[in-house]
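Reading through the structure tokens given below for one structure.
Every number in this text was worked out from the coordinates using simple rules, so none of it is lab data. Everything quoted here is computed from the prediction, not taken from an experiment. We place every Cβ from the backbone using ideal geometry, glycine too, and count neighbours over all the protein chains shown.
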Amino acid sequence: MTLRRLTGHMLGLGIAAVGSVQAALLSLDRGQMIVCAYGHKPSRSTFEKLVVWLLGNGFCFVSDTDVLSALDAKKCLPNRSIWLSFDDGLRDNLVSVVPVLQKYQIPATFFICPEAAETGWLWFQVARKYASLLPGSDYRLLCSMPNDQRRDIAADIMRTHHIVPGRSTMTPDEIASLARSALVSIQNHTNSHAILSCCSETESFREISTASQRILDWTGRRPIVLSYPRGESLAESATILERAGLAMAVTCEPQFVNLNGVYDRCSLPRTAFANEGSLRENICQVFGVWQPVVNRIKRTLHA
């Protein structure tokens, strides 16, 4: 067990010991709550252990259309309902996630970026790997730049230094094949993994609508759900989503969806699970009790 994994395991045990996980389960048992949880590229072992734990603790896996039906009050979901999704359309998911979905017959949503599927890589992967070549030597600076400027910088570095990244994303053919599974839903993550808070309304609509059209071309199904890259939406989200024919959008805010409360279907929360997190850490992550504790620890250390 790596030091990172061991630390996460011990912290997860501590969080569970003070009753935070049990309190989260009790809130789910009161009904009208949905866990929307997402990952990127968990190992098969990490993902399967989480799935087995959830099944053993009475969780019911639902699809994105089930969540939409619940939001429209057309369908009543069981207590302890959970919707799984995976961002970025990474190729590792084909060997680490899909076999687990098939083994346990559970549904999941894959949010993809068509441009990345065609090129084989996502801009931030290249920026992170070659950060020393970027202005300020910090790839995170690109996250606050206008989308066109960020893409131009990344393209210029690749051209100047003759960088040819290896493929990390699913191909269009792999996406089309995956979409034929009754367990899988292919949905929109913008065309180029654009950070919409840095885009104009026109550019945001172009990013979303282009992605939807390409996904329709590849799979025969038009997307109805958007996952905001980095979880960052914009003020005009509702208008843009309606124009693009999308019915729901999700963020990275680590909370449950409370059907009895006030919620915005243009910015539904999702909890996360770590790629290589221990089971205890990922249980805490999925129930939204991990990040508040980590944030408090960070504030204490920096005080």
Worksheet entry | Karplus (6.51, -1.76, 1.60) ³J(HN,Hα), θ = phi - 60°, over the range 249-257, in Hz, Gly and Pro reported as x | 9, 10, 10, 10, 6, x, 9, 7, 8
Worksheet item: For the chain, what relative contact order do you get, as a whole percent, if you take Cα pairs closer than 8 Å and at least 6 residues apart?
Response: 24
Practice prompt. Collect residues whose amide H, placed 1.01 Å from N in the peptide plane, falls under 5 Å from the amide H of Q187; neighbours closer than 5 in sequence don't count.
Written response: F110, F111, I112
Practice prompt. Quick one: give the max-minus-min coordinate of the C-alpha atoms of the range 197-240 along each principal axis, largest first, in Å.
Written response: 30, 19, 16
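Find the all-direction average of the projected area of the Cα convex hull for the range 1-97, expressing the result in square nanometres with one decimal place.
Details: hull surface 29.4 nm².
For the Cα atoms of the range 1-97, the hull's average projected area reads 7.4 nm².
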Worksheet item: Using the Cβ atoms and a cut-off under 15 Å, what net charge is assigned to the surroundings of G277, where Lys and Arg are +1 and Asp and Glu are -1?
Response: +3
Item to complete: Scan around V62 for amide H atoms under 5 Å from its own, H built in the peptide plane at 1.01 Å from N, and keep only partners 5 or more places away or cross-chain.
Response: I82, W83, L84
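Express as a percent, rounded to the nearest 5, the fraction of DSSP beta bridges in the chain (both residues included) that run antiparallel.
Around 10 percent antiparallel, to the nearest 5.
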Worksheet item: With θ set to phi - 60° and the Karplus curve 6.51 cos²θ - 1.76 cosθ + 1.60, what are the ³J(HN,Hα) couplings of the range 110-117 in order, to the nearest whole Hz, using x for Gly and Pro?
Response: 10, 8, 10, 10, x, 4, 5, 5
Discussion item. Let me spell out the model: positive unit charges on the Cβ of Lys and Arg, negative unit charges on the Cβ of Asp and Glu, origin at the Cα centre of the chain. What dipole size does that give, in debye rounded to 20?
Written reply: 840
Worksheet item: Which value in nm describes the separation of the simple spin-label points at Q291 and R221, placed 7 Å from the Cα toward the beta carbon?
Response: 2.7
Fill in: Label-to-label distance, nm, for residues given as A235 and A131 (7 Å Cα→Cβ offset)
3.2
Worksheet item: Rounded to a whole number of µm²/s, how large is the Stokes-Einstein D of the range 122-165 at 10 °C and 1.306 mPa s, given Rh as the Kirkwood radius over C-alpha pairs?
Response: 156
Worksheet item: Quick one: Debye curve from the C-alpha atoms of the range 135-294, no solvent, what's log10 I(q)/I(0) at q = 0.14, 0.16, 0.17 Å⁻¹?
Response: -0.92, -1.16, -1.25
Worksheet item: Once the range 93-192 is represented by equal point scatterers at the alpha-carbon sites, with solvent omitted, what log10 I(q)/I(0) does the Debye formula produce at q = 0.18 Å⁻¹?
Response: -0.87
Worksheet item: Going by average Cβ neighbours within 10 Å, how do the peptides 238-248, 263-273 rank, with the highest at the top?
Response: 263-273, 238-248
Worksheet item: Two-decimal Rg/Rh of the range 81-151 from alpha-carbon positions, Kirkwood Rh?
Response: 1.11
Worksheet item: Radius of gyration and Dmax for the chain's Cα atoms, expressed in Å?
Response: 19.2, 58
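Which order do peptides 99-110, 186-197, 153-164, 50-61 fall in by mean Cβ count within 10 Å, highest first? If you can, show how the numbers build up before the last one.
Details: 99-110: 17.2, 186-197: 24.5, 153-164: 12.6, 50-61: 15.7.
Going by the mean number of other Cβ atoms within 10 Å, highest first, we get 186-197, 99-110, 50-61, 153-164.
Quick one: if the Förster radius is 25 Å, what FRET efficiency do A176 and L55 give, using the C-beta to C-beta distance and rounding to 0.05?
On the way: r = 29 Å, r/R0 = 1.18.
Efficiency computed from Cβ-Cβ geometry: 0.25.
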Response to the item:
A chain fully extended from Q22 to C76 at 0.36 nm per residue, minus the present Cα-Cα distance, gains in nm 17.1 nm
Worksheet item: For the range 217-290, what relative contact order do you get, as a whole percent, if you take Cα pairs closer than 8 Å and at least 6 residues apart?
Response: 25
